[in-house]
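The values are calculated or read from the model by the stated rules, or taken from the named source; none is laboratory data. Here the structure is a predicted model, which is why all the values come from computation and not from measurement. So basically every Cβ, Gly included, is an ideal-geometry build from the backbone, and we count neighbours across all protein chains shown. Areas reflect the complete protein model, heavy atoms only, side chains present, ligands, DNA and RNA absent. Shrake-Rupley method; radii C 1.70, N 1.55, O 1.52, S 1.80 Å.
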Amino acid sequence: MVTMPKRFGMFVHWGPYALYGWQEQIRMRRGIGRAEYARTAAGFNPQKYDPEAWVLMAKEAGMEYICFTTKHHDGFCMWNTAQTDFNIVKTSGRDVLAELAEACRKHGLALSLYYSIPDWNHPCGYNSLSTHQCEPEAGDTPDSEAYREYVRAQVKELLTGYGPIYTWFWDIPPKIDDPSMNEYVRSLQPGILINDRGWSEGDFSTPERSVPDGDTFPRFTEACQSVGAQSWGYRENEDWFTPAFLAQSMDKILLMGGSYLLNVGPDKDGMIPERAVQIVRKVGQWYQAIREAFSEGVIPSAVLQTGAAWTSNRENTWYLHTKNSLISSGLSLAPWNTMPKEAVLLNTGEEVECIVETYPEDYTGTFGVNRPAVLHLRSLPVSDMPLVIRLIF
Ligand code: GLC
């Protein structure tokens, strides 16, 4: 199993689209022209931005890194770039990325950078081979090579001006093969991990809003999901996911060896919506309680995967993860049939009552096969969050 060095992170989608409170791609999805969008973006002046509060919230949830949208498809830059005036320093006087990098450094979190390849503001940016494009406007001169020059200049600013960067998240494959782009990224930060949405393959996969089938990921994988179903950026009327749904997805992704990047969308003032804070807190409390089940050396196992639980183990220590919400307070663990030395519900730290049910030698009963003994867990609590039970044999 191949696992990324850090298992849980916070994705942050933040840009002038927060002023609209709808969705980060509003310019394309609602047909807003460049000049009109720029007029709105000019009012982006987040007065309540407090990166330390974001970092502490992530840290409390057990997250080890933050992945920040430096530039989304709208082309607006969230750092002090010399390559365009369409940036946050021009509208607010603050380099919000620099402040975030400093808060991460202070509290020991790693920083990752998201960078959109589509750019609806750059006159050379339009790429007919790719998706997520706004039609060129009068005077635009689509030119892939010229645009890549611009990207390289920005990559250089981002990878030389903000300290060590953990991962680099290209978004939206340009469908043009150019391995030199990743080579350039790596030349500036040799240890960086690069995702698979750029000009060449990259180091890790990025399933989005989905939980892939299977037992393990064949290579580094970072799955991303947002606390809301409608948008990655701030949305006034968001459909919030339940913490149980998110924790169940995250549990399966982590079991398969992946990492989980959970997104929040701060509002125009820089505040993460209260509901998002609560969701992250709930998922984080769950994760903090059970995270030893994902420590080094624990590997998924095929046993019991078709029943009510997934299992993983490190030698004689087994972790049982309930798949969905339990439908009763007991769990039958056939084909296991011996008493564990210890059984603890990691969610609460409490001991779990175990019995080995015995049956007559020739009994097949509900099992369909002869099982003279079956390990049975009892008195499990009612909970929507996945339960993780540590059994030591
Ligand atoms: C998609 C969307 C984009 C979002 C990203 C997150 O690619 O186009 O809006 O930033 O997913 O993974």
Quick one: in the range 161-175, which of the residues that are touching a Lys or Arg at 6+ places or on another chain (Cβ under 8 Å) and not in a loop (DSSP other than H, G, I, E, B) is nearest to the ligand (Cβ to nearest atom)? Asp171
Any residue at all in the range 196-219 that is in the same structural domain as Lys71 (by TED's automatic domain parsing), within 25 Å of Ala35 (Cβ to Cβ) and in contact with a Pro (Cβ under 6 Å, 6 or more places away or on another chain)? no
Would you check which residues across the range 1-38 are aromatic (Phe, Trp, Tyr) and touching an Asp or Glu at 6+ places or on another chain (Cβ under 8 Å) and list them? Phe8, Tyr17, Trp22, Tyr37
Do we have Met271 as out of contact with any Cys (no Cβ under 7 Å at 6 or more places or on another chain), open to solvent by 30 Å² or more (accessible area, probe 1.4 Å) and more than 16 Å from the ligand (Cβ to nearest atom) here? yes
Working only within the range 8-22, note down all residues that are open to solvent by 10 Å² or more (accessible area, probe 1.4 Å) and either outside the structural domain of Met271 (by TED's automatic domain parsing) or within 14 Å of the ligand (Cβ to nearest atom) (or both). Tyr20, Trp22
Positions within the range 344-379 being touching a residue at least 24 places away in the same chain (Cβ under 8 Å) and in contact with a Lys or Arg (Cβ under 7 Å, 6 or more places away or on another chain), in sequence order: Val344, Leu346, Glu353
Would you call Arg219 closer than 30 Å to Val303 by Cα, away from the ligand (no atom under 16 Å from the Cβ) and either more than 26 Å from the chain's Cα centre (by Cα) or not aliphatic (A, V, I, L, M) (or both)? yes
Test for Gln278: is it within 16 Å of the ligand (Cβ to nearest atom) and open to solvent by 20 Å² or more (accessible area, probe 1.4 Å): no
Give Tyr126, Tyr147, Tyr114 a once-over and let me know the one that is outside any loop (DSSP other than H, G, I, E, B) and either open to solvent by 40 Å² or more (accessible area, probe 1.4 Å) or within 16 Å of the ligand (Cβ to nearest atom) (or both). Tyr114
I'd like the residue in the range 190-203 that is away from the ligand (no atom under 13 Å from the Cβ) and outside any loop (DSSP other than H, G, I, E, B) and, out of all such residues, is most open to solvent (accessible area, probe 1.4 Å). Leu193
Conditions (1) within 16 Å of the ligand (Cβ to nearest atom); (2) part of a helix (DSSP H, G or I); (3) open to solvent by 10 Å² or more (accessible area, probe 1.4 Å) -> Ala244 fails only (1)
Only listed residue being within 16 Å of the ligand (Cβ to nearest atom) and surrounded by fewer than 19 Cβ atoms within 10 Å (Cβ to Cβ), chosen from Ser210, Ser231, Ser187, Ser226: Ser210
Among the residues of the range 94-109, is any under 19 Å from Ile192 (Cβ atoms), within 16 Å of the ligand (Cβ to nearest atom), among the hydrophobic types (A, V, I, L, M, F, W, C) and not in a helix (DSSP H, G or I)? no
